[in-house]
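Okay, so here's the structure we're looking at.
The values are calculated or read from the model by the stated rules, or taken from the named source; none is laboratory data. What you see is a predicted model; the values in this text were computed from it and never measured. Cβ placement follows ideal geometry from the backbone for every residue including glycine, while neighbour counts extend to all protein chains displayed. All accessible areas refer to the heavy atoms of the entire protein, side chains included, with ligands and DNA or RNA removed. Shrake-Rupley method; radii C 1.70, N 1.55, O 1.52, S 1.80 Å.
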Amino acid sequence: MSSEPPNDVVFPDALFDQRRARLRERLEQARLPYVLVTKPVDIFYLCGFKGSTGVLLLGPRRARLWVDPRYTLQAREQSRGADVIESREALSKAVGAWLRRARVAALGYQGAHLTCADFSRFRQEAKGKSSGPRWKSIGATMDELRMVKDQWEAERIRRAGALTAAVFREVLPMVKPGVPECDLAAELEYRMKRSGAEGPAFETIVASGPRSAWPHARASGRCLQGGELVIFDVGAILANYAADMTRTLYLGTATGRARRLYESVAAAQQETVQGLRPGLQAGQADAIAREALTRKGLADFFTHSTGHGVGLEVHERPRLGRGDQTPLPAGSVVTVEPGVYVEGYGGVRIEDTVLVVESGPEVLTPAAKEPWFIS
Ligand code: ZN
Ligand code: ZN
């Protein structure tokens, strides 16, 4: 997979300046002059470096990015607003030595990401003979910052969503009895790449018949059969941003049972999408879907949460789950994906990626949901 964004996407420098400024504001509130960022996707978010290893130290005025020699050229090319420092020793050693020299008194770190072993190493190296800096986990700060997408980011996800929907439409005519699930998954992923995507944001799901009752089934060698439900869960990554979409089809003229399941899920999904607005708690969004399915007597078959944030990662904050009190910020992008799963028979899930803004929810995965049966 290419680590470069497609040529037509130039990440503006101002984007990274704004993100670092927002993080610095949060750090000031926590009285932390420095923060050590170690999660690759967050390093990318703050300075544009796309390598899988590196350490970013954000200070009050400057940002420094330590990389090993494999990444020096790439870091110089990709990083925006960070001084690149090549280290031929362990990054914890190099960063620790810098922290000692600069007499840094306090710094934040990503407690939810850094392993205990790595954290001990950094702390040990930063100590030397003194007691070392005070370390404080910044908790979910980075996730919270990334939850709010600006217009530029929303446009990236809009394009990833449009590509995902277009590829699904292209593959639809190939959906028929006798075709193996994995052939359709391969077609979808191949066409994503041919259309300019970096690739699938996750392993494409094509699950037919009884397998469609497994919410996380992978595509298998099973051939599609008439008179069955088929779930397609697809999403492309385009210029670093993901989309996530699920459609369910029935092969043949839909029976009463399939129709009842499909129409119930479609109504619950629609009602939840329409209910999304800034300030709504994530758990309240989940409750809309759950109550809609409860009215149809299907609540027990809805076994997962209603959705999740989408952005640089296909699963990020917030989680639209039971009781979650996180208010959805304006500019958040979330999936709405209620589903019902009947063991031994099959399942129905319908999912869109949706932008939450004051003017109303915008569906970013514009593939038709009708007709949903292929007769
Ligand atoms: Zn999905
Ligand atoms: Zn999803």
Requested in this report: Consider residue 314 carefully, then state whether it is out of contact with any helix residue (DSSP H, G or I) (no Cβ under 7 Å at 6 or more places or on another chain), open to solvent by 10 Å² or more (accessible area, probe 1.4 Å), within 16 Å of ligand 1 (Cβ to nearest atom) and in contact (Cβ under 8 Å) with a residue 60 or more places away in the chain.
Outcome: yes
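Of these, 118, 13, 83, 42, which one is out of contact with any strand residue (DSSP E or B) (no Cβ under 9 Å at 6 or more places or on another chain) and under 28 Å from residue 152 (Cβ atoms)?
Working: 118 fails: under 28 Å from residue 152 (Cβ atoms); 83 fails: out of contact with any strand residue (DSSP E or B) (no Cβ under 9 Å at 6 or more places or on another chain); 42 fails: out of contact with any strand residue (DSSP E or B) (no Cβ under 9 Å at 6 or more places or on another chain).
Exactly one residue qualifies, and that residue is 13.
Confirm whether residue 255 is touching a residue at least 24 places away in the same chain (Cβ under 8 Å), open to solvent by less than 10 Å² (accessible area, probe 1.4 Å) and of a type in the set (S, T, N, Q). Working first, answer last.
Details: touching a residue at least 24 places away in the same chain (Cβ under 8 Å): yes; open to solvent by less than 10 Å² (accessible area, probe 1.4 Å): no; of a type in the set (S, T, N, Q): yes.
So residue 255 does not fit the description; no.
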Per the filter on region 45-72, residues open to solvent by 50 Å² or more (accessible area, probe 1.4 Å) and closer than 17 Å to residue 18 by Cα are 60, 61, 62
The condition from (1) in a strand (DSSP E or B); (2) buried (at least 22 other Cβ atoms within 10 Å of the Cβ) that residue 75 misses is numbered (1)
Being aromatic (Phe, Trp, Tyr), within 26 Å of residue 308 (Cβ to Cβ) and within 16 Å of ligand 2 (Cβ to nearest atom), is that true of even one residue in region 201-214? yes
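Every residue, every condition in (1) free of Cβ contacts under 8 Å to residues at least 24 places away in the same chain; (2) crowded, with 20+ Cβ neighbours inside 10 Å; (3) in contact with a Ser or Thr (Cβ under 7 Å, 6 or more places away or on another chain), yes or no:
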position	(1), (2), (3)
179	no, no, no
188	no, yes, yes
201	no, yes, no
204	no, yes, no
208	no, yes, no
Considering region 230-283, residues that are within 16 Å of ligand 2 (Cβ to nearest atom) and in a loop (DSSP other than H, G, I, E, B), and then whichever is farthest from the chain's Cα centre (by Cα), we arrive at 276
Residue hits (region 295-326; within 15 Å of residue 349 (Cα to Cα) and among the hydroxyl-bearing types (Ser, Thr, Tyr)) are 303, 305, 306
task = Examine region 318-336 for a residue that is more than 16 Å from ligand 2 (Cβ to nearest atom), under 25 Å from residue 241 (Cα atoms) and hydroxyl-bearing (Ser, Thr, Tyr), and state whether such a residue exists.
result = yes
In region 159-180, is there at least one residue being closer than 24 Å to residue 13 by Cα, under 27 Å from the mean Cα position of the chain (by Cα) and not assigned by TED's automatic domain parsing to the domain that holds residue 46? yes
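Against the definition (buried (at least 23 other Cβ atoms within 10 Å of the Cβ) and either under 14 Å from residue 269 (Cβ atoms) or away from ligand 1 (no atom under 13 Å from the Cβ) (or both)), how does residue 326 come out, yes or no? Spell out the reasoning first.
Working: buried (at least 23 other Cβ atoms within 10 Å of the Cβ): no; either under 14 Å from residue 269 (Cβ atoms) or away from ligand 1 (no atom under 13 Å from the Cβ) (or both): yes.
No; evaluated as a whole, the condition is false for this residue.
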Flagged pairs (Cβ under 6 angstrom, 6 or more apart or on separate chains; first in region 131-144, in contact (Cβ under 8 Å) with a residue 12 or more places away in the chain; second loosely packed, with under 14 Cβ neighbours inside 10 Å and part of a loop (DSSP other than H, G, I, E, B)) are 133/105
